[in-house]
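Engineer: Sending over a structure as structure tokens; questions will come in a sec.
The values are calculated or read from the model by the stated rules, or taken from the named source; none is laboratory data. If you're wondering where the values come from, they're calculated on a predicted model, not measured in any experiment. Here the Cβ is made from the backbone with ideal geometry for all residues, glycine too, and neighbour counts use every protein chain on show. Side chains are part of the model used for accessible areas, which takes the heavy atoms of the whole protein and leaves out ligands, DNA and RNA. Shrake-Rupley method; radii C 1.70, N 1.55, O 1.52, S 1.80 Å.
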Amino acid sequence: MEARVAAGVPEDEESGLLPRPSATGRRPSSRGPRFPPPPAAWVTVDGPLGLPLEDAGGHARRFFLWGFACLPFLWAINCYYFWPVLRSPAASSPSAFASIRPHVVRSAIGFTIFSVVLITWATTFIVGGERLFGPVWNDLVMYNVADKLGITGFMG
């Protein structure tokens, strides 16, 4: 045994604690081929540290409904927080996601629509400006409110 340790063979292998590789380079298996276990289905992004499944449906619903109260960024938070639910295909998602998935998908649709409207509005004002709106532009913009109200006298 000392000769094997001197030759670089670990002592644990000699005692049988480490499995010896077979001729094909794979470890011998007495149970046939091993497949990795399926990944755990977590409802939230933070995995086991997140919400329990019982509370997740209520939170997803609340985020979705509060998004209508002029807080559409809650829809984005809902999509991010419940990303595993949103990412899994509806046909192959666990049945536990059934109460959460409609709210998260609707939040994604609502945030997408909100983003398109916001970007369109901002681009219209940035690119178009006075050329697009003509003389009405001075009534639409907010940066000349102080001039209209005459409160710029204190600035010098």
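Engineer: Out of all the residues in the stretch 33-49, is one or more on the phi < 0 side of the Ramachandran plot, in contact (Cβ under 8 Å) with a residue 40 or more places away in the chain, open to solvent by 30 Å² or more (accessible area, probe 1.4 Å) and over 17 Å from the mean Cα position of the chain (by Cα)?
Structural biologist: Among the residues of the stretch 33-49, not one is on the phi < 0 side of the Ramachandran plot, in contact (Cβ under 8 Å) with a residue 40 or more places away in the chain, open to solvent by 30 Å² or more (accessible area, probe 1.4 Å) and over 17 Å from the mean Cα position of the chain (by Cα), which makes the answer no.
Engineer: Give the number of residues within the stretch 89-109 that are open to solvent by 20 Å² or more (accessible area, probe 1.4 Å) and not in a helix (DSSP H, G or I).
Structural biologist: Going through the stretch 89-109 one residue at a time, the tally reaches 6.
Engineer: Can you say whether Phe82 is surrounded by 11 or more Cβ atoms within 10 Å (Cβ to Cβ) and at pLDDT below 85, as far as the supplied structure shows?
Structural biologist: So Phe82 fails the test.
Engineer: Another one. Scan Phe64, Phe68 and give me the residue that is loosely packed, with under 12 Cβ neighbours inside 10 Å, under 16 Å from Ser107 (Cα atoms) and modelled with pLDDT of 80 or more.
Structural biologist: Phe68
Engineer: A follow-up question, please. Check the stretch 129-145 and report whether any residue there is open to solvent by less than 50 Å² (accessible area, probe 1.4 Å), at pLDDT 85 or above and under 30 Å from Thr44 (Cβ atoms).
Structural biologist: Checked the stretch 129-145: no residue is open to solvent by less than 50 Å² (accessible area, probe 1.4 Å), at pLDDT 85 or above and under 30 Å from Thr44 (Cβ atoms).
Engineer: What is the number of the single condition among (1) under 30 Å from Gly57 (Cα atoms); (2) open to solvent by 70 Å² or more (accessible area, probe 1.4 Å); (3) not β-branched (Val, Ile, Thr) that Ser115 does not meet?
Structural biologist: Failing condition for Ser115: (2).
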